[in-house]
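Only the coordinates and a few stated rules stand behind these numbers; no lab work does. All figures in this text were calculated on a predicted structure; none of them were measured in a lab. Positions of Cβ are generated from backbone atoms using ideal geometry, with glycine treated the same way; all protein chains shown enter the neighbour counts.
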Amino acid sequence: MLRQATALAHPNIALAKYWGKVPGSDNAPAVPSLSVTLAGMATTTTVIFDEGLAHDLFELNGASADEPSRQRVVALLDEVRSEANLSLRARVHSRNDFPTAAGLASSASGFAALAVAARAAAGLPSDPAWESHLARRVSASSARSLFGGYVELPAGEEGQQRFLPAKPVAPPGALPLRVLVAVTTERTKETLSTRGMNHTAQTSPYYRAWVEHAHRLFARIRAAVLAGDLEALGVAAEESALAMHASAIAAAPGVIYWLGVTVEILATVREMRSSGLGAWFTIDAGPHVKVLCAPADEARVKKVLEAIPGVLRVLIASPGEGARRVDGALL
Ligand code: 2P0
């Protein structure tokens, strides 16, 4: 007996950053975050429950994934099996249509697509909030990719969370936006987010200040999205990214995700603003820079970014839809 389903999800980029977990929790974030889901790039995932399998298999972009990645997939499948009262093991095939080195975490779109595909393959009805909760327990940022447009993930509380999903804040059209990703290196090896944030929490004297400040930044960013105010959003998003990185840089030893070209891009974005071109930056757990601007300024901002020595290429994304089932299967 085979039971299968396929789902698609987009990556998301945090405007209010998540960095740090509630100690002793089931991967609950210590701070609230707010992201925009990005159309134009996607992970497609097929889950096939198969009685012929002795254990779960996970193939990513056509090759067997490493064991730590497979274990995270198994953790999510175990939740779904227990909910559906199913004992079958599964084959999971996942493909990203964007390069791993693009600076967009494929774990966010990957676990969102997996949560939708696995529950559908197990015969469970669609429930985006529950799928978001399940995805969050494996990788917190993936909880936000269940929903389209602007999405928040609240901070958790001490102890095991009964239910902590992300939730939609505003649809994609609420604040017209372009996100330009300035790719700075083909290297993918850097301190993994989970390690980076746990190390920051354990050793950075600025971590407590980050957590306190992140709540205020989140409130400003949420209000800017609801008001459709790109400038207020951009200014606060820059503050969130810099405060997050400041806490990581102050860890012992410091977690430094930036390259020289990263700083060049930050300076150039600020020069664009001084010359009247609306552009704001954000940076995740890597050296690439994501630049926010209005749709009408996309071509001008792209040209300026491409001219910076060390910028390899510039990808463009817009607000998109949440994770969903699709026809067909990856086999
Ligand atoms: C974010 N990041 O809000 C932040 C900003 C990176 C920098 O969420 O440990 O892979 O699996 O819950 O979700 C990346 O962290 O971390 C991330 P885990 P995740 O997008």
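When you count the other C-beta atoms within 10 angstrom of each residue and take the mean per peptide, 15-27, 111-123 line up highest first as 111-123, 15-27. Comparing Phe163, Phe98, Phe218 in a Gaussian network model of the chain where C-alpha atoms under 10 Å apart are linked, the largest mean-square fluctuation is found at Phe163.
Sorted from longest to shortest, the spans of the Cα atoms of the range 1-87 along the three principal axes equal 44, 36, 25 Å. The spread of Cα positions in the range 178-319, taken along each principal axis and listed from longest to shortest, comes to 43, 36, 26 Å.
Annotation: amide H of Arg89 within the under-5 Å range of Asp50, Leu53, sequence separation 5 or more or interchain, hydrogens built in the peptide plane. With 23 Å as the limit on Cα-Cα distance, the pairs of Lys17/Lys290; Lys17/Lys167; Lys167/Lys303 that go past it are Lys167/Lys303. Short-range pairs are left out: with C-alpha atoms under 8 Å and at least six residues apart, the relative contact order of the chain is 26 percent. Per-residue 3J(HN,Hα) values for the range 109-116, derived from phi via the Karplus relation 6.51 cos²θ - 1.76 cosθ + 1.60 with θ = phi - 60°, read 5, x, 6, 5, 5, 5, 4, 5 Hz in sequence order (x marks Gly and Pro).
Using the 10 angstrom Cβ neighbour count as an exposure proxy, how do Asp50, Asp284 rank, fewest first? Please report the intermediate quantities before stating the final value.
Values: Asp50 16, Asp284 21.
Lowest to highest Cβ neighbour count: Asp50, Asp284.
Based on the Kirkwood approach, the hydrodynamic radius assigned to the chain is 20.0 Å, with every pair of different Cα atoms included.
Comparing mean-square fluctuations of Pro172, Pro205, Pro287 from a GNM of the chain with C-alpha springs under 10 Å, the top value falls on Pro205. Per the Debye formula on identical point scatterers at the alpha carbon atoms of the range 2-172, with no solvent, log10 I(q)/I(0) at q = 0.11, 0.13, 0.14 Å⁻¹ is -0.41, -0.58, -0.67. Among Leu226, Leu266, Leu192, the residue with the largest mean-square fluctuation in a Gaussian network model of the chain, with springs joining Cα atoms closer than 10 Å, is Leu192. Average the reciprocal distances over every distinct pair of alpha-carbons in the range 74-131, invert the result, and give the Kirkwood radius in Å. Averaging 1/r across every pair of different Cα atoms and inverting gives 12.4 Å. Pairwise inverse Cα distances across the range 102-172, averaged and inverted, put the Kirkwood hydrodynamic radius at 12.4 Å. Just name one of Pro32, Phe58, Ser69: the one whose Cα is farthest towards the positive end of the charge dipole of the chain (beta-carbon charges, Lys/Arg +1, Asp/Glu -1). Most positive-ward Cα: Pro32.
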